[in-house]
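Here the structure comes first, spelled out in C-alpha cells, and everything after it is commentary.
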Amino acid sequence: MPKRKANARWNGDLNNGNGEMAFGSGAYKGNYSFKSRFENGSGTNPEELIGAAHAGCYSMALSGVLAEAGFNPESVSTEATVSLEIVDGDPAITTITLDVTANIPGIDADTFQEHAEGAKKGCPVSKALAGVNIELNATLNN
C-alpha cells in the first residue's frame, strides 16, 4: 500500500501568524490562521481536512461493505462535522458526526443501518480517530 503525504508551514506566532497546508499529490493547497481555526476567519483548518478525510473514507467504506453484502450502491454522500472544544484548558477534537445519505436499491432500513455501523467501525480513518467520539446519522434515500 502506498504512503500518502501532506505538509504544512506556519509563519509567526500562534495568534498573529499564518500558514499553508498542502496535499503531497498537489490536489489541494490552502491557507490557514488562528482565526480560521479558532474563530470564523477565512481559510481552512486542520479540522476541516480531518473531516474531509473521514467523510471520504467513510463513503468508500460503506460502499464497499454494501457491495460485499451483495448490494449495488448508487451513491453514498457523507458530511463530517468535527467539533473542536476546550477540554481541561486545551483545544481538543471531541466529536465527529457523520451524516450520511445513501441510495441503495433493494435494501431495507434495518440492514442498511447495520452496514452503516459496520462501515463506521471498519473505516481506516475512524480507526485512526478511535479516541474521538464518532456519531453516525445514516439515512436511506431510496
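Values in this text are rule-based calculations from the coordinates and carry no lab data. Source: prediction; values computed, not measured. Here the Cβ is made from the backbone with ideal geometry for all residues, glycine too, and neighbour counts use every protein chain on show.
Odds and ends about this structure:
- Boolean, Phe23 is surrounded by fewer than 17 Cβ atoms within 10 Å (Cβ to Cβ), within 13 Å of Ser83 (Cα to Cα) and either in contact with a Phe, Trp or Tyr (Cβ under 7 Å, 6 or more places away or on another chain) or in contact (Cβ under 8 Å) with a residue 12 or more places away in the chain (or both): no
- Residues that are closer than 20 Å to Asn7 by Cβ, charged (D, E, K, R) and not in a strand (DSSP E or B) within segment 20-47 comprise Arg37, Glu47, listed in sequence order.
- When segment 48-101 is filtered for residues that are of a type in the set (S, T, N, Q) and not in a helix (DSSP H, G or I), the ones remaining, listed by number, are Asn72, Ser75, Ser77, Thr78, Thr81, Ser83, Thr94, Thr95, Thr97, Thr101.
- Residue in segment 95-102 that is touching a helix residue (DSSP H, G or I) at 6+ places or on another chain (Cβ under 7 Å) and either surrounded by fewer than 16 Cβ atoms within 10 Å (Cβ to Cβ) or within 22 Å of Arg4 (Cβ to Cβ) (or both) present: yes
- Conditions (1) free of Cβ contacts under 8 Å to residues at least 12 places away in the same chain; (2) surrounded by 15 or more Cβ atoms within 10 Å (Cβ to Cβ); (3) among the hydrophobic types (A, V, I, L, M, F, W, C): number failed by Ala130: (2)
- The residues in segment 26-56 that are loosely packed, with under 11 Cβ neighbours inside 10 Å, among the acidic types (Asp, Glu) and under 22 Å from Pro124 (Cβ atoms) can be counted, and the count is 0.
- Within segment 75-99, if we keep just the residues that are touching an Asp or Glu at 6+ places or on another chain (Cβ under 8 Å) and β-branched (Val, Ile, Thr), the residue that is nearest to Asn137 (Cα to Cα) turns out to be Thr97.
- Residue within segment 104-118 that is of a type outside the set (D, E, K, R), within 23 Å of Arg4 (Cβ to Cβ) and surrounded by fewer than 18 Cβ atoms within 10 Å (Cβ to Cβ) present: no
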